[in-house]
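K.L.:
Okay, here's the structure, questions in a sec.
The values are calculated or read from the model by the stated rules, or taken from the named source; none is laboratory data. What you are looking at is a predicted structure, and each value in this text was computed from that prediction instead of being measured. With ideal geometry, Cβ positions are generated from the backbone for all residues, glycine too; neighbour counts draw on all protein chains shown. These area figures cover heavy atoms from the full protein model, side chains too; ligands, DNA and RNA do not enter into them. Shrake-Rupley method; radii C 1.70, N 1.55, O 1.52, S 1.80 Å.
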Amino acid sequence: DGDLLIIDRSEPVVSGNIVIVRVEQSMLIRKLDLGEGGSKLISSSNEPIELTPDLDYEIWGRVIHSIRRH
């Protein structure tokens with residue numbers, strides 16, 4: 001909480017990017033995994049979210065910088 005993120009929406013996202021994604025009604029920050037076993041959103045504290053065709057989601061962009069307030 002409290003960090004400032006700079007998001008790039010102009011470039012395509014690739015596996016390994018940290019992304020801002022809307023899943024259903026929630027905005028999330030997750031690592032994108034586009035593996036052969038299917039696409040998913042990875043978090044260090046939650047279970048992965050599988051990106052299936054029936055899931056309502058939209059990837060807004062990738063995080064290119066973060067600024068932490070001290």
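K.L.:
Give me the percent of the accessible area of region 3-48 that comes from carbon and sulfur atoms, probe 1.4 Å, all protein chains in place.
P.N.:
49
K.L.:
Assign unit charges at the C-beta atoms only (+1 for Lys and Arg, -1 for Asp and Glu), then state the dipole size of the chain relative to its Cα centre in Debye, rounded to the nearest 20. List each step's numbers first, then the result.
P.N.:
Working: 8 positive and 12 negative charges, 79 e Å.
With Lys and Arg at +1 and Asp and Glu at -1, about 380 debye.
K.L.:
Test of the criteria: in the chain, which trypsin sites (Lys or Arg not before Pro) are in a DSSP loop and have at most 11 other Cβ atoms within 10 angstrom of their Cβ?
P.N.:
Arg9, Arg68, Arg69
K.L.:
Let me check I've understood the local charge: for Tyr57, count other residues with C-beta under 13 angstrom from its C-beta, Lys and Arg +1, Asp and Glu -1. What total comes out? Could the numbers behind the result be given before it?
P.N.:
Working: positive: Arg22, Arg30, Lys40; negative: Glu24, Glu50, Asp54, Asp56, Glu58.
Net of charged neighbours comes to -2.
K.L.:
Here is a follow-up. Would you rank Ile20, Ile42, Ile67 by solvent-accessible area, highest first, keeping every protein chain in place and using a 1.4 Å probe?
P.N.:
The ranking, largest first, comes out as Ile67, Ile42, Ile20.
K.L.:
Which value, in Å², gives the accessible area per residue of the chain when a 1.4 Å probe is used on the protein heavy atoms? Don't jump to the answer; show the numbers that get you there.
P.N.:
Working: 5250 Å² over 70 residues.
Solvent-accessible surface per residue comes out at 75 Å².
K.L.:
Between the DSSP loop rule and a limit of at most 14 other Cβ atoms within 10 Å, which GluC sites (Glu not before Pro) in the chain are left?
P.N.:
Those satisfying the criteria are Glu24, Glu36.
K.L.:
Here is a follow-up. Just to confirm a number: summing +1 for Lys and Arg and -1 for Asp and Glu over residues other than Val14 whose beta-carbon lies under 11 angstrom from that of Val14, what do you get?
P.N.:
Charge balance near Val14 sits at -1.
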